[in-house]
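These notes are about the structure you will find just below.
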Amino acid sequence: MFIKEKENFNFGFNAVMHYIDNVKGLKELFDLSTPLEENKVHNGGVLIKAFNVIVQATMHKQVLNESVGFDVVITDPLGNMVFMFMHNGEELQDFFENMLVNMDLE
């Protein structure tokens, strides 16, 4: 689905943004979004400020035959953190869809 074309291509950022783009109206609610660089554990990702929280979504690097997954860390203004693991992109997209629905109700 995603092709690493050049050395500075941020695979994780583009993967996460693909699933965000599939949720109509979500990106317009972001106060800030910025790419997160690749490291030894993650292929990169995105840092988002929206709904008075910080959301960090990163894509795991594939290890052996393990499938690629996504980590999501949500930090509220008091510094409380919630960590979640999504097994695939569809679960990540479901998370973003639920985030939009829940925040739209408040």
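The figures follow:
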{"read-out": "Normalised contact order of the stretch 11-105, rounded percent, pairs of Cα under 8 Å and 6 or more residues apart", "value": "24 percent"}
{"read-out": "ASN43 long-range amide H proximity, modeled H, under 5 Å", "value": "MET59, HIS60, LYS61"}
{"read-out": "Residue-by-residue Karplus 3J(HN,Hα) for the stretch 40-54, coefficients 6.51, -1.76, 1.60, Hz, glycine and proline x", "value": "5, 9, 10, 7, x, x, 9, 10, 10, 10, 7, 6, 6, 9, 10"}
{"read-out": "Rounded to whole Hz, the Karplus (6.51, -1.76, 1.60) HN-Hα couplings of the stretch 18-27, x for glycine and proline", "value": "4, 6, 5, 4, 6, 9, 4, x, 6, 4"}
{"read-out": "Extension reserve of the ASP76-LEU29 stretch, reckoned as 0.36 nm per residue once the Cα distance is removed", "value": "15.3 nm"}
{"read-out": "Packing-based ranking, highest mean first, of 54-60, 74-80, 22-28 given that Cβ atoms within 10 Å are counted", "value": "54-60, 22-28, 74-80"}
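Coordinate-derived values only; no laboratory data. Owing to the predicted nature of the structure, the values given are computational and were not obtained by experimental measurement. Note: ideal-geometry Cβ built from the backbone for every residue, glycine included; neighbour counts use all protein chains shown.
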